[in-house]
Amino acid sequence: MRGRELRFPPQGLAAVSEWLPGRGCRGRRGSWADGAADPPEPGRGIPARCSTVPGTELAFKSAEKIVLEQFGFPLTGTETRRYTNHALSYDQAKRVPRWVLEHISKDKIVGDADRKHCKFKPDPSVPSTFSALNEDYVGSGWSRGHMAPAGNNKFSSKAMAETFYLSNIVPQNFDNNSGYWNRIEMYCRELTERFEDVWIVSGPLTLPHTRSDGKKTVSYQVIGEDNVAVPSHLYKVILARRSPESTEPLALGAFVVPNTAIGFQSQLTEFQVSLQDLEKMSGLVFFPRLDRTSNIRNICSVDTCKLLGFQEFTLYLSTRKIDGARSVARLEKVLETLKSSGVEPDDYFLSRYGKKLEELKAKEQADTQLGKLS
């Protein structure tokens with residue numbers, strides 16, 4: 001037999017097999033030695049009258065273990081998958097991550113990496129049998145929602161590209177993805193202005209709901225040919241440290257938000273839960289090496305937990321659209337849309353707008369001259 005060597009008593013395997021579950025003792029004169037009619041009581045092991053060889057029971061247990069493991073145990077896939085700036089555990093049945101852990105700092109959220117060069121794609125480390133596909137999301141009514149956002153990885157093109165693996169994606173409400181969840185992600189990046197290290201764990205939840213008859217049930221939609229599970233909620237756990245040398249307590253917060261559109265009137269603190277409650281919901285233990293007996297502060301007491309309001313957020317989105325404008329007409333539309341929302345452009349917006357306008361006019365003029373020459 002391959003694998004671990006099993007040493008039997010000098011009398012050989014026959015002595016071990018004197019007692020076999022479901023068969024009893026192999027005595028010389030019948031099914032049960034000395035005419036015993038019943039097998040031993042559960043947990044009592046081999047009957048003394050059967051186990052005549054010292055060490056027989058131990059040897060049998062070793063043999064039983066080898067037989068049990070002969071063809072291996074069922075596999076759930078790689079427990080932890082590591083990437084440049086995030087790690088995750090992937091649920092092969094639901095085709096979404098269980099959790100995604102990332103670390104951000106002031107240096108990581110700035111750089112030349114640009115999401116326009118990134119594409120959503122299956123994770124090459126996930127077997128194709130268990131992977132979601134882009135086609136699963138097309139026409140589903142759900143967006144591809146990052147758990148580790150691209151914007152947290154501007155320091156590295158590789159790190160940013162890896163966040164577009166579908167192992168980091170869940171079906172997310174469009175408005176939630178571009179709105180409330182986006183604002184939470186922006187708050188996390190803002191924390192790096194006050195904390196040197198910020199660790200974030202994000203993931204999906206499928207929570208029970210109470211029916212009209214009072215019974216609790218868990219049900220969820222699946223999308224695409226691969227039956228990608230749509231979560232009812234999303235969670236985010238934030239752990240922040242002032243600096244490695246700081247003696248100030250760590251700051252921690254756990255939040256659970258519904259996978260639906262959420263308006264600007266809702267404050268982040270409305271969705272805060274205790275870490276213990278989130279662990280019960282998710283079946284996960286977060287930051288297992290964290291000393292919970294030490295003085296850990298509520299992040300919403302140490303910091304603001306304040307998300308961008310309507311005007312700030314609208315101005316932020318409009319400023320980002322400036323870079324994406326490819327014509328003077330498209331650029332002017334950005335300014336028109338901003339003003340129609342009731343938000344006045346600030347100096348930073350106007351500066352970016354003016355620079356882009358000059359750039360596009362120069363390009364259009366050059367294209368016109370080139371057309372005349374040809």
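The values are calculated or read from the model by the stated rules, or taken from the named source; none is laboratory data. These numbers were taken from a predicted model, which means no experiment stands behind them. Here Cβ is always computed from backbone atoms with ideal geometry, including for glycine, and neighbour counts include all displayed protein chains.
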Within segment 70-105, restricting to residues that are basic (Lys, Arg) and closer than 18 Å to VAL170 by Cβ, the one that is surrounded by the most Cβ atoms within 10 Å (Cβ to Cβ) is ARG95
Residue pairs qualifying under the 8 Å Cβ cut-off, at least six apart or on distinct chains, with the first in segment 248-270 being closer than 20 Å to VAL302 by Cβ and the second being part of a loop (DSSP other than H, G, I, E, B) and β-branched (Val, Ile, Thr), are PRO249/ILE296; LEU250/ILE296; ALA251/ILE296; LEU252/ILE296
Looking at segment 106-114, is at least one residue assigned to a loop (DSSP other than H, G, I, E, B), surrounded by 14 or more Cβ atoms within 10 Å (Cβ to Cβ), touching a helix residue (DSSP H, G or I) at 6+ places or on another chain (Cβ under 9 Å) and among the hydrophobic types (A, V, I, L, M, F, W, C)?
yes
Within segment 196-237, residues in contact (Cβ under 8 Å) with a residue 60 or more places away in the chain and aromatic (Phe, Trp, Tyr) come out as TRP199
Practice prompt. Report whether or not ASP123 is in contact with a Pro (Cβ under 9 Å, 6 or more places away or on another chain) and acidic (Asp, Glu).
Written response: no
From the option list LEU239, LEU191, LEU207, single residue qualifying as within 18 Å of the chain's Cα centre (by Cα), of a type outside the set (Asp, Glu) and farther than 28 Å from SER140 by Cβ is LEU239
A careful count of residues in segment 270-313 that are of a type in the set (S, T, N, Q) and either surrounded by fewer than 13 Cβ atoms within 10 Å (Cβ to Cβ) or in a loop (DSSP other than H, G, I, E, B) (or both) gives 7
(request) Report yes if some residue within segment 312-328 is closer than 30 Å to CYS188 by Cα, modelled with pLDDT under 95 and more than 35 Å from the chain's Cα centre (by Cα); otherwise report no. (result) no
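Residues that are farther than 15 Å from PRO97 by Cβ and in contact with a strand residue (DSSP E or B) (Cβ under 6 Å, 6 or more places away or on another chain), at least 2 per element: which strands (runs of 3 or more DSSP E) completely within segment 131-226 meet that?
Ranges flagged: 197-205.
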Checking ARG326, ARG330 in turn, the sole residue that is in a helix (DSSP H, G or I) and either of a type in the set (Gly, Ala, Ser) or without any contact (Cβ under 8 Å) to a residue 40 or more places away in the chain (or both) turns out to be ARG330
Just one listed residue, out of THR319, THR314, THR217, is of a type outside the set (Asp, Glu) and farther than 30 Å from ALA362 by Cα, and it is THR217
